[in-house]
């Protein structure tokens, strides 16, 4: 039996009927040799349950909520309650799959069982460019059990590096645990409470040390003050949410993302992705005439698995201004790069484990009561948001993976939203592609397809401002286009390489003039496109 950490427990008491706290997404696989057979995949999962304790442990709570809950090996575990099989209705395209994904992601996990579920989906023949017989796996894992990196590690227990992996000969010696009685749990809680003052002292000391280190950097090295919470402007995403979910995303060629980062000194792939997301949010709000004058702020989780020991959620966070008040895409990318460099240094000064230590001293019953009060009274309507949205990057494997003999094509991620934070963007990468997935609710994002277009336009705008030309092949939407075609990517790379080589041969003055003209053209096209959109809306009325 293992007790939850403070961070893990926070995802339990943050859960409400409108805000289930699971992460997950969709994995696309080509059919294995002989075709998809659900029973064979069910047996495969059953044979690998011993590879992770998450599969068979469930929550038990301490009476009166006076201490953090515990994980217990479930004596009533039944795999059939967690692995499901469905078929898409005709024509089996992205629209049908999207509706199914949104429905499944809207349903909370059953707290009486181990907190995960897999749903195999057949009938994807209407999704272009996926081979006939391909299947999808919609997966949900409670955030209290794993963070983003932990979820990837858990799923990796099911995947192989070859289509015909060797048979796992290890024995499954799993033995369920006996559930302790209320008296035993109260006794453990009493012992934990005796050590609570010492824990509080250590945490306050760590926070004081981090604050001192941060103060030295600001005062002595003349660094800018860190971005503070509750400073971002209110937007449509910072209001109470509904129980339904909307889901979507785009696929971007990873080589093009890397090509963009080389045009800003010191920029990383993560900086480029933040800039793409910032441009999309700016474009979306601008189209709705809701763009604030002040820049929006994103919370970007940082994994501290190499620094902090233990399982569960091992994350810190940094607040990054997204420069949404900046019209030029390249200037926006430069501003984001400066912010991420500064914020990372300030996070190091505060200490990697400060957030996890601080969460450890919050009483579980107090945290749960505060979360319920915040949701029921819809306090998000009346206070400024901690930050405007969450953008989380979960790097995926670089090598080709197989699931039961079927080659993994790609994946899209999902993460929870709560009242006041109604938009989260999950970035994942695999093979030659990077995906930006969108999770929200209909009240906050009623037109997720338009937001996908904003992501695509933002990426193309960055390509225009850096590589120098509009891409021959725009990044395909996960919607109508399905999985992007690799041959098209190679042509796009070749075209970009030729254009870059030709640009280098031109005199420097010519290159500068060309960039200015293109930047002006890009800025001009935005308002013109919005004006046309408004004219169309007026005509429809």
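The values are calculated or read from the model by the stated rules, or taken from the named source; none is laboratory data. What you are looking at is a predicted structure, and each value in this text was computed from that prediction instead of being measured. Because the Cβ atoms are built from the backbone with ideal geometry, glycine has one as well, and the counts that use them run over all protein chains shown.
What single numbered condition from (1) closer than 19 Å to residue 139 by Cα; (2) surrounded by 15 or more Cβ atoms within 10 Å (Cβ to Cβ) fails to hold for residue 32?
(1)
How many of the residues making up segment 242-273 are loosely packed, with under 15 Cβ neighbours inside 10 Å and part of a helix (DSSP H, G or I)?
Result for segment 242-273: 1.
Given 305, 384, which one is modelled with pLDDT under 95, outside any helix (DSSP H, G or I), within 30 Å of residue 2 (Cβ to Cβ) and out of contact with any strand residue (DSSP E or B) (no Cβ under 8 Å at 6 or more places or on another chain)?
Selected residue: 305, the only one of 305, 384 that is modelled with pLDDT under 95, outside any helix (DSSP H, G or I), within 30 Å of residue 2 (Cβ to Cβ) and out of contact with any strand residue (DSSP E or B) (no Cβ under 8 Å at 6 or more places or on another chain).
Which members of segment 411-437 meet the condition of being buried (at least 21 other Cβ atoms within 10 Å of the Cβ) and on the phi > 0 side of the Ramachandran plot?
Listed by number, the list holds a single entry, 420.
Scan segment 396-407 residue by residue and report those that are out of contact with any strand residue (DSSP E or B) (no Cβ under 6 Å at 6 or more places or on another chain) and either without any contact (Cβ under 8 Å) to a residue 40 or more places away in the chain or assigned to a strand (DSSP E or B) (or both).
Of everything in segment 396-407, those that are out of contact with any strand residue (DSSP E or B) (no Cβ under 6 Å at 6 or more places or on another chain) and either without any contact (Cβ under 8 Å) to a residue 40 or more places away in the chain or assigned to a strand (DSSP E or B) (or both) turn out to be 398, 407.
Considering 457, 443, which residue is over 17 Å from the mean Cα position of the chain (by Cα), touching a residue at least 60 places away in the same chain (Cβ under 8 Å) and within 24 Å of residue 379 (Cα to Cα)?
Only one candidate passes the filter, namely 443.
Which of the residues belonging to segment 103-121 are buried (at least 19 other Cβ atoms within 10 Å of the Cβ) and either out of contact with any strand residue (DSSP E or B) (no Cβ under 9 Å at 6 or more places or on another chain) or at positive phi (or both)?
Correct list: empty.
Only one of 404, 468, 420 is touching a helix residue (DSSP H, G or I) at 6+ places or on another chain (Cβ under 7 Å), at pLDDT 90 or above and over 24 Å from residue 300 (Cα atoms). Can you tell me which?
404
Scan 87, 133, 128 and give me the residue that is surrounded by fewer than 19 Cβ atoms within 10 Å (Cβ to Cβ) and farther than 30 Å from residue 51 by Cα.
Answer to the selection: 128.
Does residue 134 count as at pLDDT 80 or above and within 28 Å of the chain's Cα centre (by Cα)?
Judged against the criteria, residue 134 is a match.
Among the residues of segment 50-84, count how many are out of contact with any strand residue (DSSP E or B) (no Cβ under 9 Å at 6 or more places or on another chain), over 22 Å from residue 121 (Cβ atoms) and surrounded by 15 or more Cβ atoms within 10 Å (Cβ to Cβ).
5
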